[in-house]
1. Are any residues in segment 42-61 touching a residue at least 24 places away in the same chain (Cβ under 8 Å) and farther than 24 Å from Gly229 by Cβ, and if so, which ones?
2. Filter segment 155-197 for residues that are near the ligand (Cβ under 9 Å from one of its atoms) and under 13 Å from Ser226 (Cβ atoms) and give the result.
3. Report yes if Asp156 is surrounded by 16 or more Cβ atoms within 10 Å (Cβ to Cβ) and either at pLDDT 95 or above or of a type outside the set (S, T, N, Q) (or both), otherwise no.
4. As an exercise: evaluate Leu231 against (1) in contact (Cβ under 8 Å) with a residue 12 or more places away in the chain; (2) away from the ligand (no atom under 13 Å from the Cβ); (3) over 17 Å from the mean Cα position of the chain (by Cα); (4) in a loop (DSSP other than H, G, I, E, B) and give the number of the one condition it does not meet.
5. Take Ala208 and decide whether it is touching a helix residue (DSSP H, G or I) at 6+ places or on another chain (Cβ under 8 Å) and touching a residue at least 40 places away in the same chain (Cβ under 8 Å).
6. Going by the structure shown, is Val205 of a type in the set (Val, Ile, Thr) and more than 10 Å from the ligand (Cβ to nearest atom)?
7. Going by the conditions given, is Asp22 in contact (Cβ under 8 Å) with a residue 60 or more places away in the chain and surrounded by fewer than 19 Cβ atoms within 10 Å (Cβ to Cβ)?
Amino acid sequence: MYSNNTDTQFETAQTQGLSPLDWQVMDNDEQVAQSAYETILDIAQRSIEQRGLFSLVLAGGTTPERVYALLADSDKVSDWDKWQLYIGDERCLPPENPERNSQMVHRILLDKVPIDSQNVHFISAEKGPVEGARGYVKYVKEALPFDLVLLGMGEDGHTASLFPGHEHNDAELVHAVFDAPKPPPQRVSLSVRALSSNRRLLILVTGAGKRSAMKQWLAGKSLPVSRIGTLGKGQVLLDRAACPDEYDVVIK
Ligand code: 6PG
(Lines give C-alpha, C1' and ligand atoms only; values in the text may rest on other atoms or scores of the structure.)
Protein backbone atom coordinates (compact mmCIF):
# COMPACT_ATOMS: atom_id res chain seq x y z
CA MET A 1 0.00 0.00 0.00
CA TYR A 2 2.80 2.38 0.84
CA SER A 3 6.04 2.95 -0.94
CA ASN A 4 9.25 4.69 -0.08
CA ASN A 5 9.62 5.79 -3.65
CA THR A 6 8.67 9.43 -3.69
CA ASP A 7 7.52 9.71 -7.28
CA THR A 8 5.56 6.48 -7.29
CA GLN A 9 3.72 7.34 -4.11
CA PHE A 10 2.89 10.83 -5.25
CA GLU A 11 1.49 9.56 -8.52
CA THR A 12 -0.47 6.85 -6.75
CA ALA A 13 -2.14 9.28 -4.41
CA GLN A 14 -3.32 11.42 -7.26
CA THR A 15 -4.31 8.78 -9.72
CA GLN A 16 -6.12 6.26 -7.56
CA GLY A 17 -9.84 6.67 -6.96
CA LEU A 18 -9.27 6.14 -3.26
CA SER A 19 -6.20 7.68 -1.73
CA PRO A 20 -3.79 5.13 -0.28
CA LEU A 21 -4.73 5.95 3.25
CA ASP A 22 -5.77 4.06 6.34
CA TRP A 23 -9.27 4.99 7.46
CA GLN A 24 -10.19 4.76 11.12
CA VAL A 25 -13.67 5.43 12.42
CA MET A 26 -13.90 6.42 16.08
CA ASP A 27 -16.89 6.84 18.34
CA ASN A 28 -16.63 10.59 18.75
CA ASP A 29 -14.56 13.70 18.14
CA GLU A 30 -12.80 13.39 21.50
CA GLN A 31 -11.41 10.00 20.49
CA VAL A 32 -10.27 11.45 17.19
CA ALA A 33 -8.45 14.25 19.04
CA GLN A 34 -6.85 11.84 21.54
CA SER A 35 -5.68 9.55 18.79
CA ALA A 36 -4.28 12.45 16.75
CA TYR A 37 -2.49 13.78 19.84
CA GLU A 38 -0.87 10.41 20.51
CA THR A 39 0.14 10.01 16.88
CA ILE A 40 1.74 13.47 16.85
CA LEU A 41 3.75 12.65 20.00
CA ASP A 42 4.85 9.34 18.55
CA ILE A 43 5.97 10.83 15.22
CA ALA A 44 7.66 13.74 16.99
CA GLN A 45 9.69 11.37 19.12
CA ARG A 46 10.70 9.20 16.16
CA SER A 47 11.55 12.16 13.93
CA ILE A 48 13.70 13.73 16.63
CA GLU A 49 15.47 10.42 17.24
CA GLN A 50 16.11 9.92 13.54
CA ARG A 51 16.78 13.44 12.27
CA GLY A 52 17.11 15.66 15.30
CA LEU A 53 14.00 17.70 14.58
CA PHE A 54 10.27 17.39 13.98
CA SER A 55 8.65 19.41 11.20
CA LEU A 56 4.89 19.65 11.59
CA VAL A 57 2.36 21.37 9.36
CA LEU A 58 -0.58 22.48 11.47
CA ALA A 59 -4.15 22.60 10.21
CA GLY A 60 -6.51 25.54 10.52
CA GLY A 61 -10.24 25.44 11.21
CA THR A 62 -11.91 24.25 14.39
CA THR A 63 -11.43 20.47 14.16
CA PRO A 64 -7.80 20.42 15.41
CA GLU A 65 -8.40 22.83 18.31
CA ARG A 66 -8.83 20.03 20.85
CA VAL A 67 -5.63 18.37 19.61
CA TYR A 68 -3.73 21.61 20.16
CA ALA A 69 -5.24 21.92 23.65
CA LEU A 70 -4.03 18.40 24.49
CA LEU A 71 -0.55 19.31 23.27
CA ALA A 72 -0.62 22.51 25.31
CA ASP A 73 -1.46 20.55 28.48
CA SER A 74 0.89 17.68 27.77
CA ASP A 75 3.72 16.82 30.12
CA LYS A 76 5.14 14.51 27.46
CA VAL A 77 6.84 17.14 25.33
CA SER A 78 10.15 18.29 26.76
CA ASP A 79 11.88 19.17 23.51
CA TRP A 80 9.91 22.04 22.00
CA ASP A 81 13.21 23.41 20.71
CA LYS A 82 13.29 20.49 18.23
CA TRP A 83 9.79 21.20 16.86
CA GLN A 84 9.55 23.25 13.68
CA LEU A 85 6.00 24.40 13.04
CA TYR A 86 4.39 25.38 9.74
CA ILE A 87 0.79 25.99 8.75
CA GLY A 88 -1.18 24.57 5.83
CA ASP A 89 -3.04 27.74 5.03
CA GLU A 90 -3.72 31.21 6.31
CA ARG A 91 -6.49 33.73 5.92
CA CYS A 92 -5.50 37.17 4.58
CA LEU A 93 -6.44 39.23 7.62
CA PRO A 94 -4.48 41.58 9.88
CA PRO A 95 -1.91 39.78 12.09
CA GLU A 96 -3.90 40.11 15.32
CA ASN A 97 -7.25 39.14 13.83
CA PRO A 98 -8.68 36.24 15.89
CA GLU A 99 -10.04 34.64 12.72
CA ARG A 100 -6.54 33.91 11.49
CA ASN A 101 -5.47 30.29 11.78
CA SER A 102 -2.18 31.41 13.31
CA GLN A 103 -4.05 33.32 16.04
CA MET A 104 -6.06 30.22 16.92
CA VAL A 105 -2.86 28.16 17.17
CA HIS A 106 -1.21 30.84 19.33
CA ARG A 107 -4.20 31.16 21.62
CA ILE A 108 -4.65 27.44 22.20
CA LEU A 109 -1.10 26.11 21.97
CA LEU A 110 1.85 28.38 21.34
CA ASP A 111 1.14 30.91 24.08
CA LYS A 112 1.15 28.03 26.58
CA VAL A 113 4.30 26.13 25.71
CA PRO A 114 8.01 27.05 25.75
CA ILE A 115 8.56 27.20 22.01
CA ASP A 116 10.82 29.85 20.52
CA SER A 117 9.28 32.09 17.87
CA GLN A 118 12.17 31.09 15.58
CA ASN A 119 10.68 27.58 15.46
CA VAL A 120 7.32 28.89 14.24
CA HIS A 121 7.08 29.52 10.51
CA PHE A 122 3.67 30.90 9.71
CA ILE A 123 2.41 32.75 6.64
CA SER A 124 2.54 36.54 6.36
CA ALA A 125 -0.93 36.54 4.86
CA GLU A 126 -1.54 40.12 6.00
CA LYS A 127 0.57 41.08 2.97
CA GLY A 128 -2.13 39.70 0.69
CA PRO A 129 -2.37 36.41 -1.23
CA VAL A 130 0.38 37.03 -3.77
CA GLU A 131 3.04 38.47 -1.45
CA GLY A 132 2.05 36.11 1.34
CA ALA A 133 2.43 33.08 -0.93
CA ARG A 134 5.69 34.30 -2.44
CA GLY A 135 7.24 34.90 0.97
CA TYR A 136 6.37 31.43 2.26
CA VAL A 137 7.93 29.44 -0.59
CA LYS A 138 11.47 29.52 0.79
CA TYR A 139 10.38 28.16 4.19
CA VAL A 140 8.46 25.33 2.57
CA LYS A 141 11.23 24.48 0.13
CA GLU A 142 13.76 24.18 2.94
CA ALA A 143 11.45 22.02 5.05
CA LEU A 144 10.32 19.40 2.49
CA PRO A 145 9.51 16.65 3.09
CA PHE A 146 7.59 17.48 6.24
CA ASP A 147 7.64 14.89 9.00
CA LEU A 148 3.90 15.26 9.53
CA VAL A 149 1.13 17.14 7.76
CA LEU A 150 -2.07 17.60 9.74
CA LEU A 151 -5.20 18.57 7.81
CA GLY A 152 -8.91 19.06 8.30
CA MET A 153 -11.61 18.90 5.66
CA GLY A 154 -14.39 21.35 4.87
CA GLU A 155 -17.98 20.42 4.10
CA ASP A 156 -17.32 20.78 0.38
CA GLY A 157 -14.22 18.57 0.46
CA HIS A 158 -11.73 21.43 0.59
CA THR A 159 -8.60 21.12 2.62
CA ALA A 160 -6.18 23.84 3.68
CA SER A 161 -7.38 26.59 1.29
CA LEU A 162 -7.63 24.30 -1.74
CA PHE A 163 -11.25 24.60 -2.84
CA PRO A 164 -13.24 22.52 -5.35
CA GLY A 165 -13.30 24.11 -8.78
CA HIS A 166 -10.35 26.39 -8.14
CA GLU A 167 -7.56 26.15 -10.67
CA HIS A 168 -3.97 26.35 -9.48
CA ASN A 169 -0.60 25.77 -11.05
CA ASP A 170 0.29 22.34 -9.67
CA ALA A 171 4.00 23.12 -9.92
CA GLU A 172 3.71 25.78 -7.21
CA LEU A 173 4.46 25.00 -3.58
CA VAL A 174 2.29 27.81 -2.25
CA HIS A 175 -0.79 29.26 -3.89
CA ALA A 176 -2.36 32.69 -3.69
CA VAL A 177 -6.09 32.08 -3.25
CA PHE A 178 -8.85 34.48 -4.29
CA ASP A 179 -12.61 34.05 -4.09
CA ALA A 180 -12.58 31.30 -1.47
CA PRO A 181 -16.19 30.30 -0.70
CA LYS A 182 -15.30 30.09 3.00
CA PRO A 183 -14.57 33.56 4.37
CA PRO A 184 -12.35 35.39 4.06
CA PRO A 185 -12.10 35.11 0.27
CA GLN A 186 -8.39 35.89 0.16
CA ARG A 187 -6.07 33.23 1.50
CA VAL A 188 -2.67 31.60 1.09
CA SER A 189 -2.42 27.82 0.87
CA LEU A 190 0.21 25.14 0.57
CA SER A 191 -0.32 23.29 -2.69
CA VAL A 192 -1.18 19.62 -3.24
CA ARG A 193 2.47 19.16 -4.13
CA ALA A 194 3.77 20.70 -0.90
CA LEU A 195 1.18 19.04 1.35
CA SER A 196 1.85 15.66 -0.26
CA SER A 197 5.57 15.93 0.43
CA ASN A 198 5.28 14.40 3.87
CA ARG A 199 6.48 11.31 5.72
CA ARG A 200 3.19 11.08 7.56
CA LEU A 201 -0.23 12.49 6.77
CA LEU A 202 -3.05 12.80 9.26
CA ILE A 203 -6.46 14.06 8.18
CA LEU A 204 -9.09 14.72 10.85
CA VAL A 205 -12.77 14.71 9.93
CA THR A 206 -15.50 15.09 12.54
CA GLY A 207 -19.20 15.94 12.63
CA ALA A 208 -22.26 15.16 10.55
CA GLY A 209 -21.65 18.20 8.36
CA LYS A 210 -18.75 16.35 6.74
CA ARG A 211 -20.73 13.24 5.83
CA SER A 212 -21.67 14.21 2.33
CA ALA A 213 -18.08 15.13 1.36
CA MET A 214 -16.85 11.91 3.01
CA LYS A 215 -19.30 9.96 0.90
CA GLN A 216 -18.00 11.57 -2.28
CA TRP A 217 -14.38 11.02 -1.23
CA LEU A 218 -14.99 7.35 -0.42
CA ALA A 219 -16.83 6.92 -3.71
CA GLY A 220 -13.69 8.05 -5.50
CA LYS A 221 -14.70 11.58 -6.47
CA SER A 222 -11.80 13.92 -6.99
CA LEU A 223 -11.93 16.53 -4.26
CA PRO A 224 -9.10 18.74 -3.05
CA VAL A 225 -8.72 16.56 0.04
CA SER A 226 -8.58 13.35 -2.00
CA ARG A 227 -5.66 14.67 -4.01
CA ILE A 228 -3.36 14.91 -1.00
CA GLY A 229 -0.93 12.03 -0.76
CA THR A 230 2.00 10.92 1.32
CA LEU A 231 5.51 9.62 0.81
CA GLY A 232 5.06 7.30 3.79
CA LYS A 233 1.92 6.57 5.73
CA GLY A 234 -1.40 8.37 5.66
CA GLN A 235 -4.38 8.12 7.97
CA VAL A 236 -7.85 9.60 8.01
CA LEU A 237 -9.32 9.71 11.50
CA LEU A 238 -13.05 10.29 11.40
CA ASP A 239 -15.79 10.08 13.94
CA ARG A 240 -18.94 8.07 13.46
CA ALA A 241 -20.98 11.22 12.83
CA ALA A 242 -18.86 12.00 9.76
CA CYS A 243 -18.89 8.46 8.41
CA PRO A 244 -21.56 7.65 5.82
CA ASP A 245 -23.67 4.67 7.01
CA GLU A 246 -22.91 2.46 4.06
CA TYR A 247 -19.18 2.72 4.78
CA ASP A 248 -19.44 2.06 8.48
CA VAL A 249 -18.99 -1.65 8.00
CA VAL A 250 -16.36 -1.37 5.29
CA ILE A 251 -14.05 0.81 7.33
CA LYS A 252 -12.90 -0.82 10.51
C1 6PG B 1 -9.37 27.12 7.21
C2 6PG B 1 -8.82 25.77 6.97
C3 6PG B 1 -9.74 24.77 6.37
C4 6PG B 1 -10.31 23.92 7.48
C5 6PG B 1 -11.53 23.19 7.02
C6 6PG B 1 -12.19 22.47 8.15
O7 6PG B 1 -8.65 28.08 7.16
O8 6PG B 1 -10.58 27.22 7.46
O9 6PG B 1 -7.57 25.50 7.17
O10 6PG B 1 -9.19 23.96 5.39
O11 6PG B 1 -9.36 23.01 7.95
O12 6PG B 1 -12.42 24.11 6.48
O13 6PG B 1 -12.63 23.43 9.05
P14 6PG B 1 -13.35 23.01 10.39
O15 6PG B 1 -12.35 22.19 11.12
O16 6PG B 1 -13.64 24.29 11.09
O17 6PG B 1 -14.54 22.24 9.99
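The values are calculated or read from the model by the stated rules, or taken from the named source; none is laboratory data. What you see is a predicted model, and the numbers here were worked out from it, not measured in a lab. FYI the Cβ positions are ideal-geometry reconstructions off the backbone, even for glycines, and counts take in every protein chain you see.
1. Listed by number, the residues that qualify are Ile48, Gly52.
2. The answer is Asp156, His158, Thr159, Leu162.
3. In short, yes.
4. Unmet condition: (3).
5. no
6. Against the criterion (of a type in the set (Val, Ile, Thr) and more than 10 Å from the ligand (Cβ to nearest atom)), Val205 does not qualify.
7. So Asp22 fits the description; yes.
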